[in-house]
Amino acid sequence: MTNETRSISPLTPAGEEVTLKQIARMAGVSVATVSRAINQPSIVAAPKLRAIENVMETLSYIPNQAARGLLKGRSMTVGIIVPTIANPLFAPTIEGAEETLRSAGYGVLMACSNRDPDREFDQVRTMLGRGVDGLVLTGSNHHPELLPLLRSRGVAVIFQDCADTYPGSASVAMQDAAAMALAIDTLVVAGHERIALLTGPTANTSPVAERVRGAIDRLARHGIELPPGGYAETPDYEAATARDAVRGLLAQSLEFTAIACTGDILALGAIMAIRAQGLTVPDDISIIGCSDSFMAQYVDPPLSTIHLPFRRMGAVAAEQLVSALAGGSVDGLSFMPFHLETRRSVAEPRRRAARPTSSNS
C-alpha cells in the first residue's frame, strides 16, 4: 500500500490503487493541484476543484489519512471516552461531539469506560498509541496517573459532564444541583409536601451526587424534611432495580404523593412499579425526572422532567478541543443551561384510596 492513497477503484485493475497522478491526468490538472485540492481545497480555483472532486468520486478515491498525518504531524483523530452507551444520555453527547469534530476535519475513536478509572486509563493509553491529537473525557473520576501522562505527551484534553477543573484544560458541566432544585420546586408548587427521592449510585458519579444534594437542600428550603424511609439509592441505572427501590418506598407508611428521580431511566422504572401496585401516575403519585432522555416523551404518561442539553454539551466540549488543537487557550469551567419540560406525570396531590389487599393475605 502506498502513502498516496488507500483507494481501490472499480476503474483500476484488482489489487491496484488510485494514484494522485491518475486523478490529475483524468481531471486535466497537475499532481500538485490535486494535492492542494485534498489538503487545502479553499485555495484551488472552483472549476478545477469541481473537476478533481468529480474524478475522485468516479474513482471512489479515499485519501490516506495516516500518510497525511505523517506529513502534517497530526492524525486528525480525536478520542472520546464515555462511561457507557447503554445510558441513553451519552448517545446524544457522542453525536454532538462527533458532528462538531467531523465539521472540523477530525475523525473519532470512541470507548466506554464502564465508570472504571483503570479501564479508562488503559483506553487512553491505547488511543495515545494510535496517535490521537486530543481527547474528550467524561466525568471527574479518573486514574491518578492520567493527567500526568497527558501532560507529558502534550495531548489536549477537554472534560465533559465534569465540574472539576484541571490546569491547562477546560471542563463542561451541567448545573446538576440547580436542576434538581427546580424539580423539587415543580412538585412543591403543585402542592406536594410528602416527597420521596430516588437516585442512582452516587459514590462514583459526581453529577448524580450533586443532584441529590440539590434536591435535599431545596426540600429543606421549603421546610420539608426528607424522612429516612423517603430516600432510595439504586446500585445501577437499570429500570428493574428502580422498580425494586420504588416498591420499597411504597411499602413505607409515609404515603408519599410524589417521587423526585435524579434520572429519567429511574423515573420510567418508578412509573412501572407504581402501576404494578395498582396505582396511577399522576393521580396517585406524581413523578418527575431529570435529564429529558428521548424516551421521556413516549412513556405513559409522558414524563415531566428537567431538560439537560447533553447533545449540546458534547458539541461544546468538541468545540473547545478543536480550539485547543488550533493553538487557542482553553481553560476553566463552563455550565450548560437547563429548563423544565412540563408533560403529564405531575399533578396536584389527592387523598389516596386504600390500597386493595390480596385475597391471600
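The values are calculated or read from the model by the stated rules, or taken from the named source; none is laboratory data. For clarity, every value in this text was computed on a predicted model and none was experimentally measured. Using ideal geometry, Cβ is built from the backbone for each residue, glycine included, and neighbour counts are taken over all protein chains shown. To get the accessible areas, we keep the full protein, side chains included, count just its heavy atoms, and leave off ligands, DNA and RNA. Shrake-Rupley method; radii C 1.70, N 1.55, O 1.52, S 1.80 Å.
Structure notes:
- Electrostatic tally near Gly139: other residues with Cβ closer than 15 Å to its Cβ, Lys and Arg +1, Asp and Glu -1, net -4.
- Percent accessible area from carbon and sulfur atoms, region 105-199, protein chains only, probe 1.4 Å: 47
- Peptides 313-322, 238-247 ordered by average Cβ neighbours within 10 Å, highest first: 313-322, 238-247
- The rule of thumb for compact globular proteins, 2.2 N^0.38 Å, goes into the C-alpha radius of gyration of region 216-361 1.30 times.
- Signed unit charges on C-beta, dipole axis of the chain, positive-most listed residue Thr165, Leu303, Thr33: Thr33
- Computed extension gain for Ser103 through Phe335, at 0.36 nm per residue and net of the alpha carbon distance, reaches 81.2 nm.
- Calculated FRET efficiency for the pair Asp283/Arg213, C-beta based, R₀ 35 Å, to 0.05: 0.70
- Per residue, region 183-259 exposes an accessible area of 46 Å² to a 1.4 Å probe, with every protein chain left in place.
- Angle in degrees between helix 239-250 and the longest Cα principal axis of the chain, rounded to the nearest 10: 20
- Within-13-Å neighbourhood charge of Thr84 [Cβ basis; K, R +1; D, E -1]: -3
- By the Kirkwood approach, averaging reciprocal distances over each pair of separate Cα atoms, region 56-176 gets a hydrodynamic radius of 15.3 Å.
- Against the main long axis of the alpha-carbon atoms of the chain, helix 117-129 sits at an angle near 10°.
- Normalised alpha carbon radius of gyration of region 131-266 [divisor 2.2 N^0.38 Å]: 1.29
- The angle between the Cα long axis of helix 310-325 and the main principal axis of the chain comes to about 40°, on a 0 to 90 degree scale.
- Both numbers refer to the Cα atoms of region 267-335; Rg and Dmax are 18.8, 60 Å.
- Where the Cα pairs of region 108-207 fall when distances are cut into 5 Å bins, in %: 2, 10, 19, 20, 15, 9, 8, 7, 5, 3, 2, 0
- Compactness of the chain is given as radius of gyration and Dmax, 26.4, 89 Å, from Cα positions.
- Listed residue (Pro117, Gln175, Leu321) projecting farthest to the positive dipole end of the chain, Cβ model: Leu321
- Electrostatic dipole magnitude of the chain [Cβ: Lys, Arg +1; Asp, Glu -1; Cα centre; debye, to 20]: 760
- Within the shell defined by Cβ-Cβ distances under 13 Å, the residues around Gly230 carry a net charge of -3, with Lys and Arg each +1 and Asp and Glu each -1.
- As a rough guide to protection, the peptides 41-49, 113-121 ranked by mean Cβ packing within 10 Å, highest first, stand as 113-121, 41-49.
- According to the Cα-based calculation, Rg over Rh for region 238-294 is 0.93, with Rh computed by the Kirkwood formula.
- DSSP assigns beta bridges within the chain; of those with both partners inside it, close to 10 percent run antiparallel.
- Tail weight of P(r) past 11 Å, computed on alpha-carbon pairs of region 307-350, percent: 74
- Selection from Pro227, Leu135, Ile184 lying farthest towards where the dipole of region 128-277 points positive, charges on Cβ: Leu135
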